[in-house]
Amino acid sequence: MMRRAAFFVIWVCAALWVIFALQGVISYLMLEPADSGFTRGLNRVMAFFRWELLALAPAVIGYVTGRRASFGDLTKHAARTPLWLSGGFFLAVLILFIVTIIVARFSG
């Protein structure tokens, strides 16, 4: 019974992750840029990051649920892939941010 519940939780979390990640892209594309000057369009970026951060929650729950489970290959990928993609995305943004700061400091 516990195995079936874990299987269900993993697939629900994977589906929620896909929905939230896609909603982040859709909200970025559909929102009109607001404000003016330097912050123009920041509402679009913040909506995108908000949805992507929300997508990280089911990714973590699915990963923790499927960490010790002995399921088939597809379910293991459904448990691990969302966290790898979301975590990798946030790590790439963090690295880009740090590199930008370092380049700006040493360029002038």
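For the reader, a short list of remarks on this structure follows.
- Within the range 64-86, restricting attention to residues that are of a type in the set (A, V, I, L, M, F, W, C) and assigned to a loop (DSSP other than H, G, I, E, B), the residue that is modelled with the highest pLDDT is ALA69.
- Meets criteria (of a type in the set (Lys, Arg), surrounded by 14 or more Cβ atoms within 10 Å (Cβ to Cβ) and closer than 17 Å to SER86 by Cα) for ARG50: yes
- Where PHE89 falls short, out of the listed (1) touching a residue at least 40 places away in the same chain (Cβ under 8 Å); (2) touching an Asp or Glu at 6+ places or on another chain (Cβ under 7 Å): (1)
For (1) touching a residue at least 60 places away in the same chain (Cβ under 8 Å); (2) in a helix (DSSP H, G or I); (3) touching an Asp or Glu at 6+ places or on another chain (Cβ under 9 Å), each residue gets a yes or a no:
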| residue | (1), (2), (3) |
| --- | --- |
| ARG3 | yes, yes, no |
| VAL9 | no, yes, no |
| ALA21 | yes, yes, yes |
| TYR28 | no, yes, no |
| PHE38 | no, yes, no |
| ARG44 | no, yes, yes |
| ARG50 | no, yes, no |
| LEU54 | no, yes, no |
| GLY62 | no, yes, no |
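The values are calculated or read from the model by the stated rules, or taken from the named source; none is laboratory data. Predicted model only: the values in this text are computed from it and were never measured. Backbone-built Cβ (ideal geometry, glycine too); neighbour counts: all protein chains shown.
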